[in-house]
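Only one structure is covered here, and it is reproduced in the block below.
The values are calculated or read from the model by the stated rules, or taken from the named source; none is laboratory data. It should be emphasised that the depicted structure is a prediction, and the values quoted were computed from it without experimental measurement. Every residue, glycine among them, receives a Cβ derived from its backbone with ideal geometry; neighbour counts consider all protein chains shown. For accessibility, only protein heavy atoms count, side chains too; no ligands or nucleic acids. Shrake-Rupley method; radii C 1.70, N 1.55, O 1.52, S 1.80 Å.
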Amino acid sequence: MLALMAATVFSSAFGLVLGAAMRRRCNPWAVGMVNYVTATAMQLARHALSGAPWEAAPQTLWMGASVGVLYAVNYVLFVPLLSRRGVSITSAMSRLAVIMPMLASLILWHERATLPQTAGGVLSLIALPLLTLAPAPRSAEHKLDLAAAALLVALLLGNGFSMVITKTYERTGLNQQALFLAALFGTAILVCGLAWWRNR
């Protein structure tokens with residue numbers, strides 16, 4: 001529970017930092033690069049301090065790299081959504097992607113959901129279509145912003161698949177989490193760096 005709360009707080013905080021940077025007309029791709037470079041350095045330092053061997057299993061590298069590509073793609077989707085829908089809606093959709101690893105656990109690994117987990121899943125499914133609605137100007141009615149809705153759905157799927165792959169890696173039993181995360185963020189550096197180069 002503490003890990004989930006911490007993940008929610010930090011991801012929301014990053015959204016707020018990115019939103020503030022964009023209001024100051026900073027390059028959002030540069031912000032993303034600093035984020036991923038810092039995360040990679042922290043994971044490499046964490047692994048070095050653990051004293052574990054540096055030889056990584058192939059699954060650690062390719063699964064980490066796969067999630068890294070999805071992370072970077074999600075960031076590419078996140079940036080325009082911030083300006084269209086704000087931090088709260090965009091972050092909420094990103095967090096609701098937890099539905100996908102929940103479904104994968106039930107279908108692929110035959111785990112059993114508790115009553116609170118089931119209730120949370122149902123409420124999340126109810127919330128998903130509501131997040132695609134945008135308030136119409138000077139009106140209490142709502143209208144569907146198709147472009148923003150498509151980006152939100154793509155963000156949900158990308159974030160959800162990254163969570164499913166991460167959960168799949170955890171089930172391999174390989175105890176190389178720091179190397180997995182270093183491969184993840186290191187790959188995200190490459191994709192985000194390309195976006196920064198194209199949007200200097």
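Things to note:
- Peptide packing: for 106-112, 173-179, the average count of neighbouring Cβ atoms within 10 Å per residue gives the ranking 173-179, 106-112, highest mean first.
- Of ALA13, ALA182, ALA92, the residue with the greatest mean-square motion in the GNM of the chain, using alpha carbon springs below 10 Å, is ALA13.
- With all protein chains in place and a 1.4 Å probe, the accessible surface of the chain carries 69 percent carbon and sulfur.
- Extension gain, VAL34 to LEU125, is 29.4 nm, computed as 0.36 nm per intervening residue step minus the present C-alpha separation.
- Comparing ALA188, ALA97, ALA56 in a Gaussian network model of the chain, where Cα atoms under 10 Å apart are tied by springs, the biggest mean-square fluctuation is seen for ALA56.
- Excluding ligands, DNA and RNA, the accessible surface per residue across the stretch 18-122 is 56 Å² with a 1.4 Å probe.
- Among TRP29, TRP54, TRP62, the largest mean-square fluctuation in a Gaussian network model of the chain, built with springs joining Cα atoms closer than 10 Å, belongs to TRP54.
- The chain: C-alpha gyration tensor shape, a/c 1.5 cut-off, then a/b vs b/c: oblate
- Note on surface exposure: PHE14, PHE78 rank PHE14, PHE78 by accessible area, highest first, 1.4 Å probe.
- Volume per residue that the Cα convex hull of the stretch 147-200 spans, once the total is divided by residue count, Å³: 76
- Relative contact order of the chain, pairs being alpha-carbon contacts under 8 Å that are 6 or more residues apart, as %: 44
- Cβ charges +1 (Lys, Arg) and -1 (Asp, Glu), total dipole of the chain, debye: 620
- The calculated FRET efficiency for TRP109 paired with ALA7, based on their beta-carbon distance and R0 = 25 Å, is about 0.75.
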